[in-house]
Amino acid sequence: MMRRVYTACLLLCTFFASSQLAIKLTPLTVFRNMKYTLHGEYLLPESITGKYSISVALGWSPNLFPKSSGLDSDKKGNYYFTINFDKSNAGFAIDPELRWYFKKPMQRYFLGVYSSFRTSTSVIEEYLNKDTSNTYFNPTLGYQNLSTLVSVFGIQMGYQKVFGPDNRFILDTYIGFGNKITNRNYDRGYQLSGPGYKSNIVSGIALRGNVSIGFLLIKPSKPL
């Protein structure tokens, strides 16, 4: 049994050591409602891709704020609703990618596809009225739980530069666009006096563009 484990570990290490592995950070993500994004990018070995330079990547981001109702008005029937941030969870986002580099592995121009899955949970509380400064009065003690999933599927292109000692540092720039689907799932509510919100799905266009900095953790011994 242990021999099989050692063999599997050896094969796995050989698989990763035969290619490239990088970690990257995208610090400017506030406009996407994220604190930051951490990426891992792995160049698939030639034994899989042949002559093509193809990488797979995965990004992870903690969200800044939970999604609220997302509707134009906070009024349903004769009642008002607002999000309770203390009882809500901002959630996180996962961004898978697939890239094809034109010239050199994980360097220079690339074209690819990407997706993003952002999830959060919110508590929407019901009120009888509010004033002009959006201060809510007279809670009914009714509330609804909301689960939000934002899914994006799109294409992108960009340029990745390696530099510094032993070509270990990375500057990654990219732009793209895709289809954005927002799925808001409300439960039936608790002690609601009014109709409350109904679950809905909204589709639209998402734009993508940013700059990441990174470091090449693993690179092959032969020059690329």
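Values as computed for the structure displayed
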quantity: Lone unmet requirement of (1) over 22 Å from Y109 (Cα atoms); (2) surrounded by fewer than 16 Cβ atoms within 10 Å (Cβ to Cβ); (3) modelled with pLDDT of 90 or more for V30; calculated: (3)
quantity: Search result, residues across the range 91-100 that are more than 16 Å from S151 (Cα to Cα) and surrounded by fewer than 20 Cβ atoms within 10 Å (Cβ to Cβ); calculated: L98, W100
quantity: Condition met for Q144 (part of a strand (DSSP E or B), under 17 Å from K76 (Cβ atoms) and not β-branched (V, I, T)); calculated: yes
quantity: Residue match in the range 141-149 (condition: touching an Asp or Glu at 6+ places or on another chain (Cβ under 9 Å) and at positive phi); calculated: yes
quantity: Flag if I170 is in contact (Cβ under 8 Å) with a residue 12 or more places away in the chain, farther than 25 Å from S120 by Cα, in contact with an Asp or Glu (Cβ under 8 Å, 6 or more places away or on another chain) and not in a loop (DSSP other than H, G, I, E, B); calculated: no
quantity: Residue in the range 57-65 that is in contact with a Lys or Arg (Cβ under 7 Å, 6 or more places away or on another chain), free of Cβ contacts under 8 Å to residues at least 40 places away in the same chain and part of a loop (DSSP other than H, G, I, E, B) present; calculated: yes
quantity: Scan of the range 75-86 for residues that are open to solvent by 20 Å² or more (accessible area, probe 1.4 Å) and either free of Cβ contacts under 8 Å to residues at least 24 places away in the same chain or touching an Asp or Glu at 6+ places or on another chain (Cβ under 8 Å) (or both), ordered by number; calculated: K75, Y79, Y80, T82, I83, N84, F85, D86
quantity: Some residue of the range 203-223 being in contact (Cβ under 8 Å) with a residue 60 or more places away in the chain, among the hydroxyl-bearing types (S, T, Y) and either outside any strand (DSSP E or B) or open to solvent by less than 20 Å² (accessible area, probe 1.4 Å) (or both); calculated: yes
quantity: Qualifying residue in the range 44-53 (condition: assigned to a strand (DSSP E or B), charged (D, E, K, R) and either at pLDDT 85 or above or more than 19 Å from G176 (Cβ to Cβ) (or both)); calculated: no
quantity: For G164: the one exception among (1) closer than 30 Å to S53 by Cβ; (2) at pLDDT below 95; (3) touching an Asp or Glu at 6+ places or on another chain (Cβ under 8 Å); calculated: (3)
quantity: Count - residues of the range 173-200 that are under 28 Å from the mean Cα position of the chain (by Cα) and aliphatic (A, V, I, L, M); calculated: 2
quantity: Qualifying residue in the range 16-27 (condition: modelled with pLDDT under 85 and under 19 Å from K161 (Cα atoms)); calculated: yes
quantity: Y190 vs. criteria open to solvent by 80 Å² or more (accessible area, probe 1.4 Å) and of a type in the set (S, T, Y); calculated: yes
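A quick yes/no check of all residues on (1) open to solvent by less than 60 Å² (accessible area, probe 1.4 Å); (2) at pLDDT 95 or above; (3) at negative phi:
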{"residue": "F110", "(1), (2), (3)": "yes, yes, yes"}
{"residue": "V113", "(1), (2), (3)": "no, yes, yes"}
{"residue": "L128", "(1), (2), (3)": "no, no, yes"}
{"residue": "F153", "(1), (2), (3)": "no, yes, yes"}
{"residue": "D172", "(1), (2), (3)": "yes, yes, yes"}
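The values are calculated or read from the model by the stated rules, or taken from the named source; none is laboratory data. The shown structure was predicted, so the numbers you read here are calculated from the model rather than taken from an experiment. Because the Cβ atoms are built from the backbone with ideal geometry, glycine has one as well, and the counts that use them run over all protein chains shown. For the accessible areas, the whole protein counts, side chains as well, though only heavy atoms, and no ligand, DNA or RNA atoms are used. Shrake-Rupley method; radii C 1.70, N 1.55, O 1.52, S 1.80 Å.
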